[in-house]
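What follows is calculated from the coordinates using simple rules that are stated; it is not laboratory data. Since the model is a prediction, treat every value here as computed from it, not as a measurement. Quick reminder, even Gly has a Cβ in these numbers, built from the backbone with ideal geometry, and neighbours come from all protein chains shown.
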Amino acid sequence: MAQPLVFENARILDGSSPEGEYDRFVRVANGAIEEVSERPIKDASARRVDLKGKTLMPGLIDCHVHVIAALVDLGKNANLPDALIAYHAAAIMKTMLHRGFTTVRDLGGASHALVEALEQGLVAGPRLIICGKALSQTGGHADFRGRYYNRDPYYQTRRLGALGRVVDGVDDCRRAARDEIRQGAQFIKVMANGGVASPTDPIAFLGFSKEELSAAVEEARNAQTYVAAHLYTDEAIARAVEVGVRSVEHANLIEPPTAALMKTKGAIECPTLVAFEALKSEGESLGLPPESVRKIDDVRVRSPESLEIMHRAGVTMAYGTDLLGPLHRHQSEEFVIRGRVLPAIEVIRSATVHAAALIGMAGKIGTVARGALADLIVIDGDPLADLSLLTGQGRNIPIIVQGGNLIKNEINM
Ligand SMILES: [Zn+2]
């Protein structure tokens, strides 16, 4: 077991209060936060760290990633050998951890083998919450065959580099949802709308029938979990939320009445604005196919307005990024992009308390409180005053603790 840690004179910022708390003392032992106090903590065995002038936050949580996305071209990615994809995933996850993300939720592709590799300490990376392969209908957002490629689509189902699997019909949706859960999926992802990165589905297309979506929702509920859906258009969001989809991904084209419906139903939104900004500026040069490049602005332009609409409706928003291949280095820029539209504290909450609620780990992660897992980061300065402190590949994050272990430490103690 790692040596206990005591953080002294810490300003805590986890989103549970608008400004955070100052001059706190935090004791970490046995992988957990064992004490948070206004008074100095006695522990002769502990390493002590003075955090005067710094901010102590829970490890960040990104609720929409694809750790198997080695390339921007997802069709090509699905054809890479599994071993190469696994090495890419290890490298992608390591850099995520060093940006301060101690938990990420994968929205398509990652397998339980990666979860196990992390648990066994074979690779360093965030806690990984997975849905296995995303479910897509024929011609939907995870069918990457294009117009002229007519072999059957099932080659994707067991390739580590594939984001999703193709399923059609209520029975197949049930079977695939059950199959993903059998293989370790902790929630179910469905592609319920057209997408940018896929070749033959304009944004406005609805993915799956209502009956198919309902079947996925029922199967997820039977397994004590929920469905996350890839969604852009207002019509698609409303339809999915009505049948019980809980986690709404992207939602760039949402209108106020649907935002109100989400609030009523308790659905949580996971915007991913940085994905579209990064694809706009670099996608083409990184090999994003032309049919995808043409679709970026269909969703990108309305993104800031979608945040305003959901904020006004009181919809809970979690942090998401959805970056692919070399674009992963922009992961923390979502903080700054959202900060142009939303109050900084709301942006902080999206990657802490709100993300933890979405993942179903409230009180365990995303909080600096007694009983939580000891996933912690230290920021040089005040992220509420300047969200860009969270960018720069961890440059302003001198300490990263995961499960009580010091992953990074640049402060003398
Ligand atoms: Zn995605």
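Here are the numbers for the structure shown:
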read-out: The range 1-88: relative contact order as a whole-number percent, Cα under 8 Å and 6+ apart; value: 29 percent
read-out: Leading residue at positive end of dipole, the range 95-183 (Cβ point charges), from Leu128, Thr95, Leu118; value: Thr95
read-out: Cα Rg, Dmax (largest Cα-Cα span) when computed across the range 1-129, Å; value: 18.4, 57
read-out: Angle in degrees between helix 303-313 and the longest Cα principal axis of the chain, rounded to the nearest 10; value: 70 degrees
read-out: Debye, to nearest 20: dipole size of the chain, +1 on Lys, Arg Cβ, -1 on Asp, Glu Cβ; value: 620 debye
read-out: Alpha-carbon centroid distance for the pair the range 302-362 / the range 161-233, whole angstrom; value: 23 Å
read-out: Which of Ala185, Leu358, Leu163, positive extreme of dipole for the chain (C-beta unit charges); value: Ala185
read-out: Choice from Glu19, Glu277, Glu235 with maximal GNM fluctuation in the chain (Cα, 10 Å cutoff); value: Glu19
read-out: Computed helical MRE - 222 nm, the chain, DSSP H runs ≥ 4 contributing -39500 (n - 2.57), nearest 500; value: -8000 deg cm²/dmol
read-out: Residue exposure sequence - Leu160, Leu80, Leu60, Leu324 - by fewest surrounding Cβ within 10 Å; value: Leu80, Leu160, Leu324, Leu60
read-out: Cα pair distances of the range 67-212 binned at 5 Å [whole percent]; value: 2, 11, 19, 22, 20, 14, 8, 4, 1
read-out: Using alpha-carbon coordinates, inclination of helix 210-222 to the longest axis of the chain, degrees; value: 40 degrees
read-out: The chain: angle of helix 170-182 to the longest principal axis, Cα-based, in degrees nearest 10; value: 30 degrees
read-out: Coordinate range along principal axes, alpha carbons of the range 197-329, Å, largest first; value: 43, 31, 26
read-out: Charged-residue dipole, Cβ positions (Lys, Arg, Asp, Glu), the range 22-174 about Cα centre, Debye nearest 20; value: 400 debye
read-out: Beta bridges by DSSP in the range 1-153, antiparallel share as percent, to the nearest 5; value: 45 percent
read-out: Kirkwood Rh (inverse of mean 1/r, distinct Cα pairs), the range 320-413, angstrom; value: 14.3 Å
read-out: Protection proxy ranking of 103-114, 214-225 - average other beta-carbon atoms within 10 Å, highest first; value: 103-114, 214-225
read-out: Debye, to nearest 20: dipole size of the range 254-413, +1 on Lys, Arg Cβ, -1 on Asp, Glu Cβ; value: 440 debye
read-out: Length-normalised contact order of the chain in % [C-alpha pairs under 8 Å, at least 6 apart]; value: 20 percent
read-out: Partners for Lys210 among lysines (Cα-Cα distance below 29 Å; same-chain residues under 8 apart left out); value: Lys133, Lys189, Lys263, Lys265, Lys295
read-out: Mean Cα-pair separation over length for the range 269-333, i.e. relative contact order, pairs under 8 Å, 6 or more apart, %; value: 56 percent
read-out: Low-density loop cleavage sites - trypsin sites (Lys or Arg not before Pro) in the range 129-159, where at most 14 other Cβ are within 10 Å (DSSP); value: Arg147, Arg151, Arg158
read-out: With at most 12 other Cβ atoms within 10 Å, longest stretch of the chain clear of loop chymotrypsin sites (Phe, Trp or Tyr not before Pro) (DSSP); value: 150-413
read-out: Largest-first principal axis extents of the Cα set of the chain (Å); value: 67, 45, 44
